[in-house]
Amino acid sequence: MNTALKRILVFLSIVALGLLLYSVFVENIFAPRLSPKDTVKFELNDLKLKVFYNRPSKKNRAIFGALVPFDQVWRTGANEATTFETNKNLEVNGMPLAEGKYTLWTVPRDSVWTVIFNSKQYAWGVNAQMQPMWDPNYDVLNIDVPVQKLNTTVEQFTIAFDNSTDNLFLTMAWDDVKISVPLK
């Protein structure tokens, strides 16, 4: 066997071993995620909006007021911090929001949620103690939106854009709860 071929085989073996070790000790890259990543986009004329988030499932658990406590900041999904991007200035529930990229946090309550747009980018949604990594000093906009109770159960946390009535909303739904954030 020539020397070049041996070097290539050694290199590929090292890469394979590195992937295996990463998978075992850091993150199982070969297994499906419990809360899969998702990105939703909305484009109209020259407006472009994008939300990146992770989608936890209900799995017969009590969600709001239990798994997701009331009156506490929630990372709005699972795993990495949820992000919201706009390429244009917006009005969010009548309040100005400059173009840019924000992390999206919420404070769920029984009848109203506070939705927080934060200018700091966080690598993850919670720290080692499972506390939100959110820093209120970077809050750009906080708004309250009413909770809508659903007649059906949403199994997997879902964020979407709704423009069905010619009014644009950022919606979030999970379990039997939905909120709609007006965007203009």
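The values are calculated or read from the model by the stated rules, or taken from the named source; none is laboratory data. Bear in mind that the values here come from a model prediction, so they are computed numbers and not experimental data. Neighbour counts are summed over all protein chains in view; Cβ atoms, including those assigned to glycine, are modelled from backbone coordinates with ideal geometry. The accessibility values were calculated without ligands, DNA or RNA, using every heavy atom of the protein model including side chains. Shrake-Rupley method; radii C 1.70, N 1.55, O 1.52, S 1.80 Å.
The lysines whose alpha-carbon is closer than 22 Å to the alpha-carbon of LYS58, local same-chain residues fewer than 8 away aside, are LYS37, LYS149, LYS178. For region 44-50, the Karplus equation 6.51 cos²θ - 1.76 cosθ + 1.60, evaluated at θ = phi - 60°, returns couplings of 8, 6, 9, 8, 10, 10, 8 Hz by residue, with Gly and Pro reported as x.
Karplus-based coupling profile of region 157-172, in residue order and whole Hz: 3, 9, 10, 8, 10, 10, 10, 5, 10, 6, 10, 8, 10, 9, 10, 9, with θ = phi - 60° in 6.51 cos²θ - 1.76 cosθ + 1.60 and x standing for Gly or Pro. Cα axis of helix 3-25 to longest principal axis of the chain: angle in degrees, 0 to 90, nearest 10? Once rounded, one gets 40 degrees. Using helices alone, what [θ] at 222 nm do you get for the chain, with -39,500 (n - 2.57) per DSSP H run of 4 or more residues, divided over all residues and rounded to the nearest 500? My calculation for the chain gives -4500 deg cm²/dmol from helical runs alone.
Under the rule that an exposed site lies in a DSSP loop and has at most 16 other Cβ atoms within 10 Å, name the longest stretch of the chain with no GluC sites (Glu not before Pro) of that kind, not counting the sites themselves. Longest gap between qualifying sites, sites excluded: 100-184. Express the Stokes-Einstein translational diffusion coefficient of the chain in µm² s⁻¹, to the nearest whole number, given a Kirkwood radius over alpha-carbon pairs, 10 °C and a viscosity of 1.306 mPa s. D = 86 µm²/s.
Rounded to the nearest 10 square angstrom, LEU47 shows an accessible area of 30 square angstrom against a 1.4 Å probe.
Computed over region 78-184, relative contact order equals 23 percent, with contacts defined as Cα pairs under 8 Å that lie 6+ residues apart. Would you mind classifying region 117-177 by shape? Square roots of the alpha carbon gyration tensor eigenvalues, ordered a ≥ b ≥ c; an a/c under 1.5 is rounded, otherwise it is prolate if a/b is larger than b/c and oblate if not. Oblate. Note on the chain: GNM, Cα springs under 10 Å; of ARG55, ARG109, ARG75, the largest mean-square fluctuation is that of ARG109.
In this structure, the amide hydrogen of GLY125, modeled 1.01 Å from its nitrogen in the peptide plane, lies closer than 5 angstrom to those of GLU80, ALA81, counting only residues at least 5 positions away or on a different chain. For the options ASN167, ASN118, ASN93, a Gaussian network treatment of the chain with springs between C-alpha atoms closer than 10 Å singles out ASN167 as fluctuating the most. Among the chymotrypsin sites (Phe, Trp or Tyr not before Pro) in region 115-152, those placed in a DSSP loop whose Cβ has at most 15 other Cβ atoms within 10 Å are TRP124. Here the Gaussian network model covers the chain, with springs between Cα atoms less than 10 Å apart; of LEU20, LEU168, LEU12, LEU12 fluctuates the most. Taking θ as phi - 60° and the Karplus parameters 6.51, -1.76 and 1.60, the scalar couplings of region 127-138 work out to 8, 5, 8, 6, 9, x, 7, 4, 10, x, 5, 9 Hz in sequence order, x denoting glycine and proline. Close amide H contacts of LEU141 (hydrogens built in the peptide plane, cut-off under 5 Å, sequence separation of 5 or more or a different chain): PHE117.
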